[in-house]
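A.B. asks: For reference, the structure I am asking about is given below.
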Amino acid sequence: MYDALTSRYTLACPERGETHVALSSFRRLERLPGPSHPAVFGISFECACGKEHPGLVSHDELDWAPLGLGEGVFLNLMTARLDPLEDELADLAARHIQAGEWPWSFFCYPEERPRPVFPSSFFLLAPAQGGEAVGIAVRCPVCARVSINLVTAQHVDLPFHNDREVGVVEHVFGLDAKRAVEVFASERSSTRFDARRLSLE
Ligand SMILES: [Zn+2]
Ligand SMILES: [Zn+2]
């Protein structure tokens, strides 16, 4: 379902059948309740047909597949059945992480610091600045609070491509994510973003 070569997810469009979308075309992500392993996320995405559709994406596909670490990678490694490209990507990812580079990051406003993050912590994405940028609402994996950053599509779509500077909404959102979503949805076009450096060093 995720193609590491094109950085696209294959999802279903009711009008066109199959469609291929980047993570930055996702609009909402919500972890579905239940004990399923890996966890499943209900998402909605903006389709090339102009409509927004629902879809399902597993936790593995969100956080690991872009790094070349597919589902059941450990089993595959043991049986040496990982295909060569994925093997290479996984190796590259491991070396980046060992060098202190993180595949994704965001600026946590309540903590006033950049933090490493995985896409499963994004819960709302919206085009901003006439499609030049993407606003992302992120639940911090460390402090659990919500921040809204303004980033490039590449920052979202390409692991290890971190914008040097991101826009940050200077607002401390409550723990109630729904409220944050409302604020984001209603104010995103006029919301003021202030620049923060996103260096993790
Ligand atoms: Zn469609
Ligand atoms: Zn935080």
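The values are calculated or read from the model by the stated rules, or taken from the named source; none is laboratory data. Worth saying up front: this structure is predicted, and the values here are computed from it rather than measured. Ideal geometry is used to build each Cβ from the backbone, glycine not excepted, and the neighbour counts take in all protein chains shown. The area values use the complete protein model at the heavy-atom level, side chains included, leaving out ligands, DNA and RNA. Shrake-Rupley method; radii C 1.70, N 1.55, O 1.52, S 1.80 Å.
A.B. asks: Can you give me the number of residues within region 138-175 that are over 12 Å from the mean Cα position of the chain (by Cα), among the small types (Gly, Ala, Ser) and not in a loop (DSSP other than H, G, I, E, B)?
C.D. replies: 2
A.B. asks: Related question: Looking at (1) open to solvent by 50 Å² or more (accessible area, probe 1.4 Å); (2) modelled with pLDDT of 90 or more; (3) of a type in the set (Gly, Ala, Ser); (4) more than 16 Å from ligand 1 (Cβ to nearest atom), find the lone condition where GLY42 falls short.
C.D. replies: Unmet for GLY42, out of (1) open to solvent by 50 Å² or more (accessible area, probe 1.4 Å); (2) modelled with pLDDT of 90 or more; (3) of a type in the set (Gly, Ala, Ser); (4) more than 16 Å from ligand 1 (Cβ to nearest atom): (1).
A.B. asks: Please find, among PRO66, PRO127, the residue that is assigned to a strand (DSSP E or B), at pLDDT below 90 and either open to solvent by 20 Å² or more (accessible area, probe 1.4 Å) or closer than 22 Å to THR19 by Cα (or both).
C.D. replies: When all the criteria are applied, what remains is PRO127.
A.B. asks: In addition: Within region 130-177, how many residues are open to solvent by 20 Å² or more (accessible area, probe 1.4 Å), touching a strand residue (DSSP E or B) at 6+ places or on another chain (Cβ under 8 Å) and under 18 Å from TYR9 (Cα atoms)?
C.D. replies: Of the residues in region 130-177, 1 are open to solvent by 20 Å² or more (accessible area, probe 1.4 Å), touching a strand residue (DSSP E or B) at 6+ places or on another chain (Cβ under 8 Å) and under 18 Å from TYR9 (Cα atoms).
A.B. asks: I'd like the full set of residues that are under 17 Å from VAL156 (Cα atoms) and touching a residue at least 60 places away in the same chain (Cβ under 8 Å), limited to region 102-114.
C.D. replies: TRP102, SER105, PHE106, PHE107, PRO114
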